[in-house]
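The values are calculated or read from the model by the stated rules, or taken from the named source; none is laboratory data. Since we're looking at a predicted model, the values are computed, not measured. When we count neighbours, we look across all protein chains shown, and the Cβ atoms used for this are built from the backbone with ideal geometry, even at glycine. The area values use the complete protein model at the heavy-atom level, side chains included, leaving out ligands, DNA and RNA. Shrake-Rupley method; radii C 1.70, N 1.55, O 1.52, S 1.80 Å.
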Amino acid sequence: MHAARDMKLIVLGSGTCVPSLKRNAPGYYLEAEGFRILVDCGSGTLLQLEKAGKSYRDIDSVFITHKHPDHFADLMPLVHALIATPKLNRNRDLYIFCPKGFVEYYEASVVSVLGHPNGFSVRTIETPDKLDFGPFNIITAKTIHSKDSIAYRFECGGKAIVFTGDADYDQGVIALARNADLLIADCSFPDSMKARGHLSAKECGMVAAKAGVKKLALSHLYPADPPDTDRIRESGENFDGEIVLAEDLMTINI
Ligand SMILES: [Zn+2]
Ligand SMILES: [Zn+2]
């Protein structure tokens, strides 16, 4: 109804830490009302943005799910590019929302190498349980994956998109995803390869069904012998809604 308030999502990376020509490391571009954010920023995210016809120049904020390199490795290249691109002259701050313990890492790595930019600040903020940023109401939940790993829910214009980040099955993720229009789920492995700390395909379907989401996108796909499409069948055993395999550069409008 209010097209201007729609959220536009572009999958920049549907893969993992395993280098793949088909699936880049995790990264998602989310845009609404002229605000442009990244959810995770694994290696290659900046180039994927260019391929998607978007630009690092326009990013207002980055939301990091957890402290594994496949989810944040392009932060330093992002800040470097914002500092050093000729004639860019950025003058608005970049916000990095991150889990506990990440600010210290950022200071010790990125700031120690690049220092503080002139003309704008990089504001690193431990993501609170709830916050408002631009047009987004954001809610987080701890996930069962690594110390301080979190999932994100972005609400805007009465719609909701939930990113599990890396997550195993638990009630917290289900509660966070309640009635979401789109759930981007960690579907690291098919059921036959279930690994602790990650949702299997079947569990993705269980989360989607229990939460009552409209659409499920399976992402964070490790390479596996069974074809990726098997994961759609496995997650569909428990979930009647729409299921898609995330693909790099796929756009979903919500
Ligand atoms: Zn990961
Ligand atoms: Zn991880």
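Points to keep in mind about this one:
- Members of segment 143-168 found to be out of contact with any strand residue (DSSP E or B) (no Cβ under 6 Å at 6 or more places or on another chain) and charged (D, E, K, R), listed by number: Lys147, Asp148, Lys159, Asp168
- Segment 220-253: number of residues that are touching a residue at least 40 places away in the same chain (Cβ under 8 Å), of a type in the set (Val, Ile, Thr) and open to solvent by 30 Å² or more (accessible area, probe 1.4 Å): 1
- When the residues of segment 179-199 are filtered to those that are away from ligand 1 (no atom under 13 Å from the Cβ) and within 18 Å of the chain's Cα centre (by Cα), the one that is surrounded by the most Cβ atoms within 10 Å (Cβ to Cβ) is Leu183.
- Inter-residue pairs, beta-carbon under 8 Å, first open to solvent by 10 Å² or more (accessible area, probe 1.4 Å) and more than 16 Å from ligand 2 (Cβ to nearest atom) and in segment 21-46, second among the polar types (S, T, N, Q) and part of a strand (DSSP E or B), 6+ apart: Phe35/Ser61
- Flag for Ala217 being open to solvent by 50 Å² or more (accessible area, probe 1.4 Å) and modelled with pLDDT of 95 or more: no
- Flag: Ala73 does not match the condition of being under 28 Å from Asp181 (Cβ atoms), within 16 Å of ligand 1 (Cβ to nearest atom) and assigned to a loop (DSSP other than H, G, I, E, B).
- Single residue of segment 169-178 satisfying the filter (touching a residue at least 12 places away in the same chain (Cβ under 8 Å) and over 16 Å from the mean Cα position of the chain (by Cα)) that is farthest from ligand 2 (Cβ to nearest atom): Arg178
- Taking (1) modelled with pLDDT of 95 or more; (2) open to solvent by 60 Å² or more (accessible area, probe 1.4 Å); (3) not in a loop (DSSP other than H, G, I, E, B) in turn, Ala4 satisfies each apart from (1).
- Test: Val111 is at pLDDT 95 or above, β-branched (Val, Ile, Thr) and buried (at least 21 other Cβ atoms within 10 Å of the Cβ): no
- For segment 7-48, the set of residues classified as among the aliphatic types (A, V, I, L, M) and part of a loop (DSSP other than H, G, I, E, B) consists of Met7, Val18, Leu21, Ala25, listed by residue number.
- Counting only residues that are open to solvent by 10 Å² or more (accessible area, probe 1.4 Å) and away from ligand 2 (no atom under 15 Å from the Cβ), segment 148-168 holds 5 of them.
- Some residue of segment 49-67 being farther than 24 Å from Asp181 by Cα, open to solvent by 40 Å² or more (accessible area, probe 1.4 Å), assigned to a helix (DSSP H, G or I) and in contact (Cβ under 8 Å) with a residue 40 or more places away in the chain: yes
- Every test in (1) closer than 23 Å to Leu21 by Cβ; (2) within 16 Å of ligand 2 (Cβ to nearest atom); (3) of a type in the set (D, E, K, R) is passed by Lys100 save one, and that test is (1).
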